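Following: one structure in structure tokens, then a few remarks.
Read the figures in this text as sums done on the coordinates, not as results from a lab. Because the structure is a prediction, the values reported are computed rather than measured. Virtual Cβ from ideal backbone geometry, glycine too; neighbours counted across all protein chains shown.
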Amino acid sequence: MVRYILASASPRRQELLAQMGLRFTVWPANGEEVVRDTDPAAVVESLSRQKAEEIDGRLERGERPDAWETGTEASDAVIIAADTVVAIDGQILGKPHDREEAARMIGQLQGRTHHVYTGVTVIIREAGGAVRRVTFHDCTEVQVSGMDTDEISAYVGTGESDDKAGAYGVQGRFACFIDGIRGSYHNVVGLPVAALYQTLRKEGMTDGDL
């Protein structure tokens, strides 16, 4: 039996993975993230790889998720990790530290087009000890309508932007200000579902699971 592990506590990623029909265990990575790149695609790929490798290292050391039965082997495990950033004018916008910063981020995005990048790393631990690693990213173009200061303040005041890359959630109230999306909507939410499925399919990890 293949055991899927989502290396993220994000409710949005959990919902999307469940939407794919996968049964998985949530085991968040919590190590320090090291960023050495400035290119958004390279950044999200690197961060997703760091998260996946942290979980893989735990399995290698004999640790297991609490939800697993005692004595469960680490073979036939598939680790899925992701990281998302928003980028505009060559600047990467991560999660805001406070609502003042969130308002500044929304001010940068309003009335303009930006890009959302999500990097995904999949580590497959096979019976016999073989380990396969795949890392990729997806990019989506998002057009935001013009917003005045009252609208920005009201949106930030909802708290929806507190833990979101770029300070907004496309699936929430900010949908009122999305004029258009070119690419994967799910990628903006936090996980490029179609690209992930195709990766798992290519690696032979979909039969009987999806």
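The table for this structure:
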quantity	calculated
Which numbered condition ALA103 fails, given (1) under 24 Å from THR38 (Cβ atoms); (2) among the small types (Gly, Ala, Ser); (3) crowded, with 17+ Cβ neighbours inside 10 Å	(1)
Within segment 175-190, tally of residues that are in contact with an Asp or Glu (Cβ under 9 Å, 6 or more places away or on another chain), of a type in the set (A, V, I, L, M, F, W, C) and buried (at least 17 other Cβ atoms within 10 Å of the Cβ)	2
Wholly within segment 73-149, strands (runs of 3 or more DSSP E) carrying at least 1 residues that are basic (Lys, Arg)	113-125, 131-144
Meets criteria (surrounded by fewer than 22 Cβ atoms within 10 Å (Cβ to Cβ), of a type in the set (Val, Ile, Thr) and more than 23 Å from GLN14 (Cα to Cα)) for ILE124	no
Positions within segment 26-65 being surrounded by fewer than 16 Cβ atoms within 10 Å (Cβ to Cβ) and either at positive phi or not in a loop (DSSP other than H, G, I, E, B) (or both), in sequence order	ALA42, GLY57, GLU60, GLY62
Answer residue from segment 133-155, given it is farther than 29 Å from ILE123 by Cβ and polar (S, T, N, Q) and is surrounded by the fewest Cβ atoms within 10 Å (Cβ to Cβ) among those	THR149
Conditions (1) over 16 Å from the mean Cα position of the chain (by Cα); (2) within 10 Å of ILE80 (Cα to Cα); (3) β-branched (Val, Ile, Thr): number failed by THR38	(2)
Test: residue in segment 79-89 that is more than 18 Å from ILE124 (Cβ to Cβ) and exposed (fewer than 13 other Cβ atoms within 10 Å of the Cβ)	yes
Within segment 154-210, considering residues that are outside any helix (DSSP H, G or I) and among the β-branched types (Val, Ile, Thr), the one nearest to VAL134 (Cα to Cα)	THR206
